[in-house]
Amino acid sequence: MALERDQIVAAAVRLLDQVGLDRLTLRRLASELGVQAPALYWHVKNKQELLDEIADALTREIPLRPLDEQESWRDWLAERMRDHRRMLNAHRDAARLFVAVRPGPAVPPTLKVAVESLGRAGFPPREAVRSLFTLGHYVTGFVLEEQARAAHNPEADLNEARRWLADQPDLLVALMESGPPDGDEAFEHGLSMILEGISTRI
């Protein structure tokens, strides 16, 4: 069977969602495609190149929309970061994947649209790039924690926190009032803090 690169990458994304990053191998992918492993080496040299291709395909799932003329740059950036988080959470181990790959062909056009959009909002290019990288690191790190905590028992974690802080009631109250460290509320709080910090520099 003749293989196309896009076909291989699509199968790899499906396999990532099924078995996770650690169990995703070229041999397993070849079996999924019904070919021998050497057939894949015509298209990808090794697992790292395959992971780079998967990340590039996932990046293309994020809508590429420029800033509208009457739109707030803060609202636009917040929407982009929410889209980024949704994409990462839609795929198993995607946050771990993204911290281990190299930028692919989907990155330059995405970055170009973002920098040009922020430039129209008054951002110098340097501040636009650094703001985007800071926000991107926040989103990936947040989802990395979310996906790592998915196997945890929230009630058990809370009981453990109560035990650790039994002799520090004020700190325990602050922890309880802050709510879970993951989830939408925590994400939005952190996102708003970063956007507020960016606004003070522009």
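Taken together, the values in this text are just the output of simple stated rules run on the coordinates, not laboratory data. All values reported here derive from a predicted model rather than from experimental measurement. Heads up, the Cβs are rebuilt from the backbone with ideal geometry, glycines too, and the neighbour counts pull from every protein chain shown.
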How big is the dipole moment of the stretch 21-138 about its Cα centre under a simple scheme where the beta carbon of each Lys and Arg is +1, that of each Asp and Glu is -1, and everything else is neutral? Debye, nearest 20, please. 400 debye
Net charge dipole size for the chain [Lys, Arg +1 and Asp, Glu -1 on Cβ; Debye, nearest 20]: 900 debye
What is the log10 of I(q)/I(0) for the chain, computed with the Debye formula using one identical point scatterer on each Cα and no solvent, at q = 0.08, 0.09, 0.19 Å⁻¹? -0.37, -0.46, -1.25
Report, largest value first, the span of the C-alpha coordinates of the stretch 88-202 along each principal axis, in whole Å. 51, 34, 18
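Hey, what does the equivalent ellipsoid look like for the stretch 65-110, semi-axes from the Cα gyration tensor as sqrt of 5 times each eigenvalue, largest first, whole Å?
After diagonalising the Cα gyration tensor, the semi-axes are 24, 14, 7 Å.
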Grab the beta carbon distance between M193 and A39, set R0 = 41 Å, and tell me the FRET efficiency rounded to 0.05. 0.25
Quickly work out the R162-to-R82 label distance, labels modelled 7 Å from Cα along the C-beta direction, and quote it in nm with one decimal. 3.4 nm
Note the per residue figure in Å³ for the convex hull of the C-alpha positions in the stretch 48-125. 89 Å³
Stretchable slack from R27 to L3, in nm (0.36 nm times residue separation minus alpha-carbon distance): 7.1 nm
Computed from the beta carbon distance with a Förster radius of 35 Å, FRET efficiency for K47 and E116 to the nearest 0.05 stands at 0.50
Distance in nm between pseudo-label sites at F133 and A100 (7 Å out along the Cβ direction from Cα): 2.3 nm
